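Computed from the coordinates by the stated procedures, all read-outs in this text should not be read as laboratory data. In this text, all values refer to a predicted model and were calculated from it rather than measured experimentally. Neighbour counts run over all protein chains shown; Cβ positions are idealised from the backbone, glycine included.
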Amino acid sequence: MTQQPTGSISVTALRQIRIIASLNDEQLARLAEQCTWSRCDTATEILAQDAPCDQVYFVCSGRVSAKTFSGAGKEITFAELSSGDVFGELSALDGEPRSSFVVTLEESLLASLPAKAFNDFLNDHHQVMRSLMVELAHRLRLADEKVFEFSTLNTSNRIHAELLRLARAYPAEDNRVQITPPPTHADLASRTNATRESVTRALNRLKNDGLIDATRQCLTINDLEALATLIRDTAGD
């Protein structure tokens, strides 16, 4: 469903987007006028893989996931994006087809901007271009982490590493953090190239050792340092 927020609401929504947070209200208002606004239900496919480049999307609220499928039909998750993130920018920059499909994980408010308008906007606002470069550098570092993990860690430790990566988005207190909503076993399997059975076994071992507690509402890591030590010990073998 497409929905155009009113002026002050659209400016407030766009101000959450990290790469354009430096813009003033007038600049954000002009950008908002160029955007198409969509409030999407859970499990709505936003982008199709290999589709031509035509739009860049700002996640103003909610969560989306960028995924693909292997030749054998296994779902692989590249990234989970939430309020403040942007997607579709790579295709807008290089003109290549989409490398993944994107689906909403919950009800989400998205603002989309035509690829040409996005590139023109970058040319006119160098601070936004620099912010985008910083964002892409961050994603590259995360990709480097995963390459290292897939090269050196066994399945259980890749799952441990993914839990720690998810935990970064939440405040830690006394070496403990709560992840809400918790990832499903299917999500963790898709993120770590594991089976759901492997995820279940790994999580059950962590529960038995007292390192995590899990409910439908929350996954709690009770000892972040102990979980990190499990990974370091394996990587050092």
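How high is the FRET efficiency from ARG201 to ALA143, r the C-beta distance, R0 35 Å, rounded to 0.05?
After rounding to 0.05, the efficiency reads 0.85.
Please list, ordered by chain and number, the residues whose modelled amide H lies under 5 Å from the amide H of ALA79; skip anything fewer than 5 residues away on the same chain.
ALA66
Under 1.5 on a/c is rounded, so check that first for the range 32-103, then, if it is not, pick prolate when a/b is larger than b/c and oblate when it is not; a ≥ b ≥ c are the square roots of the alpha carbon gyration tensor eigenvalues. Write out the running numbers ahead of the final one.
Details: a/c = 2.06, a/b = 1.30, b/c = 1.58.
Note, shape of the range 32-103 comes out oblate.
Which one of THR36, PHE148, ILE9 has its Cα pushed farthest toward the positive end of the charge dipole of the chain, where Lys and Arg give +1 and Asp and Glu give -1 at the Cβ?
About the Cα centre, the residue reaching furthest to the positive side is PHE148.
Calculate the length of the line joining the C-alpha centroid of the range 183-237 to that of the range 1-74, in whole Å.
One Cα centre to the other: 31 Å.
Is the C-alpha gyration tensor of the range 183-237 telling us rounded, prolate or oblate? Criteria: a/c under 1.5 is rounded; beyond that, a/b larger than b/c is prolate, otherwise oblate.
oblate
Only counting other Cβ atoms within 10 Å, I'd like THR192, THR184 sorted with the fewest neighbours first.
Ascending number of Cβ neighbours within 10 Å: THR184, THR192.
So how far apart, in nm, are the two label points at ASP120 and ASN24 if each is 7 Å from Cα heading toward Cβ?
Result for the modelled spin labels: 2.2 nm.
Magnitude of the Cβ-charge dipole of the range 94-237, K/R +1 and D/E -1, about the Cα centre, nearest 20 debye?
240
Stretch GLU135-LEU164 to full length: gain in nm at 0.36 nm per residue minus the Cα-Cα span?
The GLU135-LEU164 span can extend by a further 8.4 nm.
Name the residues whose placed amide hydrogens come within less than 5 Å of the amide hydrogen of SER61, ignoring near sequence neighbours (fewer than 5 apart) on the same chain.
Here LEU109 satisfy the definition.
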